[in-house]
Amino acid sequence: MKRILVALDDPSINPVIFDQALTIARAISAQLMVLHVGYEDEDRKKQQQWKADQMEWETRLRSYVSQAEAAGIKAESTQSYGNPGYVICDWAWTWDADLIVLGRHGQTHVPGWISGSVSTYVSQHAPCSVMMVSPQRKSNSAQSPHKIVVEGVS
């Protein structure tokens, strides 16, 4: 069975990321793993905030799993804590993913190799293909509010 790892982190774009992964999963009869990674931080306050956020994320993840199952797609979810790029790639290796679908914020004009973005790290280190979903810049056109960027990694 084919496996798609869906890494979610930004509630504003998560529905679009998940919908893209679900569409692909239906088309190729794939299984989904929905993953959220809390950022590694030595600041004790932020660690305590992560614990509080875990419950909220658990509810979100269950909702995505339910949506997938309602569409006839086998799905499960998990949360982890650490460096998101490392954790996503580690999950892809461990879970034997065929594709990773994640968001790309595109909030800066600085190249990813300088900014150290999660999506850049994953696209360069993943053991499988990577599909990045990014918000499109606002325009006056009636186009979809999101564009899809697909990068294959061998």
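The values are calculated or read from the model by the stated rules, or taken from the named source; none is laboratory data. These numbers were taken from a predicted model, which means no experiment stands behind them. As a convention, Cβ positions derive from the backbone with ideal geometry for all residues, glycine included, and neighbour counts pool all protein chains shown.
Which pairs turn up if I take residues in the range 73-98 that are among the polar types (S, T, N, Q) and look for partners that are crowded, with 18+ Cβ neighbours inside 10 Å and not in a helix (DSSP H, G or I) with beta carbon separation below 6 Å, at least 6 apart in sequence or on another chain?
Taking only residues 6 or more apart or on different chains, the pairs are S77/V34; T78/L35; Q79/H36; S80/V37.
Only one of these is within 19 Å of S117 (Cβ to Cβ), in contact with an Asp or Glu (Cβ under 8 Å, 6 or more places away or on another chain) and either at pLDDT 85 or above or surrounded by 19 or more Cβ atoms within 10 Å (Cβ to Cβ) (or both): V16, V65, V37. Name it.
Details: V16 fails: in contact with an Asp or Glu (Cβ under 8 Å, 6 or more places away or on another chain); V65 fails: within 19 Å of S117 (Cβ to Cβ).
The match here is V37.
Return a yes/no flag: does the range 15-34 have any residue that is in a helix (DSSP H, G or I), in contact with a Ser or Thr (Cβ under 7 Å, 6 or more places away or on another chain) and more than 17 Å from S129 (Cβ to Cβ). Working first, answer last.
Step one: filter the range 15-34 for residues in a helix (DSSP H, G or I), giving 15-28.
Next, only the ones that are in contact with a Ser or Thr (Cβ under 7 Å, 6 or more places away or on another chain) stay: none.
Scanning the range 15-34 turns up no residue that is in a helix (DSSP H, G or I), in contact with a Ser or Thr (Cβ under 7 Å, 6 or more places away or on another chain) and more than 17 Å from S129 (Cβ to Cβ).
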